[in-house]
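Structure first, commentary second.
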Amino acid sequence: MRRFVAVVVAVVTIATAVVATTAGPVVAEPAVDKQAQTIELVAIDDTRFIIDDRPYTGPVRMAIYDDGIAVTEIVPMTTYLEGIAEMPFSWAGEALKAQAVAARTYLVRRLLPGRRGDAALHEYDICATNRCQVYRGVQLVEGPSGDRWREAVRSTAGEVLLYEGRPIEAVFTSMVGSRSRSNQDVWSSDPLPYLQAVDSPEIGIAPYAQWRVEITTRQFVEILRADGFDVGGALLSLTVDDPPEGLGRMNITVRTEKGTISVLAPALKGVFSRRGDELYPGVLPARLGDGRTLPEPLLSYTYEITLESRPGSAIDPLLPPSDRSGRDSIVFDGEGWGHGVGMSQWGARIMADDGVSYDQILSHYYSGLSPQQAPDMVPDKVVVGLATDLPAVSIEVDGRAVILVNGVPAGTVEGGSWIVRDTSNGLDLLPIDGPAGSSPITRRVWPR
């Protein structure tokens, strides 16, 4: 069952808040049989739009598509960057500046080819989840240490990382351990000269710079089987093909009584994330020696995997492999948390704490590149995809806001709890606790 989204209306003055959405190719039009296809709420004064208990400045736009309602926010670039929640704001200022430049570059690079996929379908520039960059509106920047992040964003305004005159793929990751990864060793992509492996100063400092996971061979095979791999019974052998750094991805061949499969190291992390703790809660995620529990079954793509045999009894040679497999173990000795490519956020923090400047941090992790002023590449406005495929949207308004229906002003909405629903007359805005028929929208005929 889909979860309703709570939205609260954020206010800017109408003169500055009523803006045209960023242009881009539209792959799928809103459902053609609808009348009120879009409802946009534009804040007045200091009202806020809150989605999933997070305040946004807006304007907030809701549009109906064949798969449900999509919610987007149209914000200035600076407001978007200030809403990024990718690094604790309490960290050293130079680390925050490095993160601000990386986040700005990531967005500019993403906008180069225009909207594609879900972004084109639902008319936004970038999503708000970790599929893109984590965006949380103004909740964090208006909270403790928010001024430090705001300063990092504004003091680096217009700065991006360029390679041959184009913004780079400025990916970043939580921590990498002793060394970052080359992009071609993690993803199926050609080598990028600015995403090659470099040392990182994290061992003994970053919380998951090193970690170990140990499970039985039977558990290992069952996790693979649950994810759809054609394996079963006892594990007979484990072969690892790990090319030298820069020459491709590690491949693991698993031979069992009921089949043999090959799986890439990055794919195995996904298998464990989907099935590990589901099948073996309490075993996965594993505990470290100091008692901490790992945040995921496997934290990164950077690990050594080995089959360790345990001494058995004198009758073991007489037993079938399936009866002995529970005593053998698969051991992952890993480093870091995340994909491991590009800037390590923990590495940036440690370097900044040691007095390294943000441009030197960026140059280290992105193979010699330094931030450059490129204001013409940075858009004034960003359309953020906050949610899609919703059956309805709950809205709590803490002030007043202008209502636009299909881009046409339709009056104002007062503070209180409202809900946007798809009805036979198209989208409608209804008070949650108000009398039936009190919508400020369906009194009119749409489109106008």
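The values are calculated or read from the model by the stated rules, or taken from the named source; none is laboratory data. Quick caveat, the model's predicted, so the values are computed rather than measured. We place every Cβ from the backbone using ideal geometry, glycine too, and count neighbours over all the protein chains shown.
Given the residues Gly177, Gly137, which is the only one that is more than 28 Å from Leu294 (Cβ to Cβ), of a type outside the set (D, E, K, R), touching a Gly at 6+ places or on another chain (Cβ under 6 Å) and touching a residue at least 60 places away in the same chain (Cβ under 8 Å)? First the steps, then the outcome.
On the way: Gly177 fails: more than 28 Å from Leu294 (Cβ to Cβ).
That would be Gly137, the only listed residue that is more than 28 Å from Leu294 (Cβ to Cβ), of a type outside the set (D, E, K, R), touching a Gly at 6+ places or on another chain (Cβ under 6 Å) and touching a residue at least 60 places away in the same chain (Cβ under 8 Å).
Only one residue in Gly114, Gly137, Gly165 is within 24 Å of Thr72 (Cα to Cα) and surrounded by fewer than 17 Cβ atoms within 10 Å (Cβ to Cβ). Which one? Please lay out each step first, then the result.
Details: Gly137 fails: surrounded by fewer than 17 Cβ atoms within 10 Å (Cβ to Cβ); Gly165 fails: within 24 Å of Thr72 (Cα to Cα).
Just a single option satisfies the conditions, and that option is Gly114.
If you filter the stretch 40-55 down to residues that are not in a strand (DSSP E or B) and not polar (S, T, N, Q), you find that the one that is nearest to the chain's Cα centre (by Cα) is Asp52. Selection over the stretch 181-199 of residues that are among the small types (Gly, Ala, Ser) and closer than 16 Å to Leu369 by Cα gives a count of 2.
Name the residues in the stretch 261-274 that are in contact (Cβ under 8 Å) with a residue 12 or more places away in the chain and either in a strand (DSSP E or B) or of a type in the set (Ser, Thr, Tyr) (or both), would you? Talk me through it step by step, then tell me what you get.
Step one: filter the stretch 261-274 for residues in contact (Cβ under 8 Å) with a residue 12 or more places away in the chain, giving 261, 263-266, 268-269, 271-274.
If the condition is that a residue be in contact (Cβ under 8 Å) with a residue 12 or more places away in the chain and either in a strand (DSSP E or B) or of a type in the set (Ser, Thr, Tyr) (or both), then Ile261, Val263, Leu264, Ser273 are the ones that fit.
Taken over the stretch 22-45, the criterion of being modelled with pLDDT of 90 or more and either under 18 Å from Asp125 (Cβ atoms) or acidic (Asp, Glu) (or both) is satisfied by Thr38, Glu40, Asp45.
Residue check: Glu202 meets all listed conditions (1) closer than 12 Å to Ser344 by Cβ; (2) not hydrophobic (A, V, I, L, M, F, W, C); (3) not in a loop (DSSP other than H, G, I, E, B) but one, namely (3).
Picking from residues in the stretch 409-420 that are more than 16 Å from Thr47 (Cα to Cα) and crowded, with 16+ Cβ neighbours inside 10 Å, the one that is farthest from the chain's Cα centre (by Cα) is Ala410.
Hey, which of the strands (runs of 3 or more DSSP E) in the stretch 275-392, taking only ones fully inside, have at least 1 residues that are within 24 Å of Thr129 (Cα to Cα) and modelled with pLDDT of 95 or more? Please lay out each step first, then the result.
On the way: elements: 303-308, 329-334, 381-390.
Here the list reads 381-390.
Pairing residues of the stretch 373-386 that are in the same structural domain as Gly83 (by TED's automatic domain parsing) and within 21 Å of Leu121 (Cα to Cα) with residues that are polar (S, T, N, Q) and surrounded by 21 or more Cβ atoms within 10 Å (Cβ to Cβ), at Cβ distances under 8 Å and at least 6 apart in sequence or on separate chains, gives Val383/Thr72; Val384/Thr72; Gly385/Thr72; Leu386/Thr72. When the stretch 208-241 is filtered for residues that are without any contact (Cβ under 8 Å) to a residue 60 or more places away in the chain, surrounded by fewer than 17 Cβ atoms within 10 Å (Cβ to Cβ) and charged (D, E, K, R), the ones remaining, listed by number, are Asp230, Asp241.
For the stretch 360-374, the candidate set comprises residues that are more than 13 Å from Thr105 (Cβ to Cβ) and of a type outside the set (A, V, I, L, M, F, W, C); within that set, the residue that is surrounded by the fewest Cβ atoms within 10 Å (Cβ to Cβ) is Gly368.
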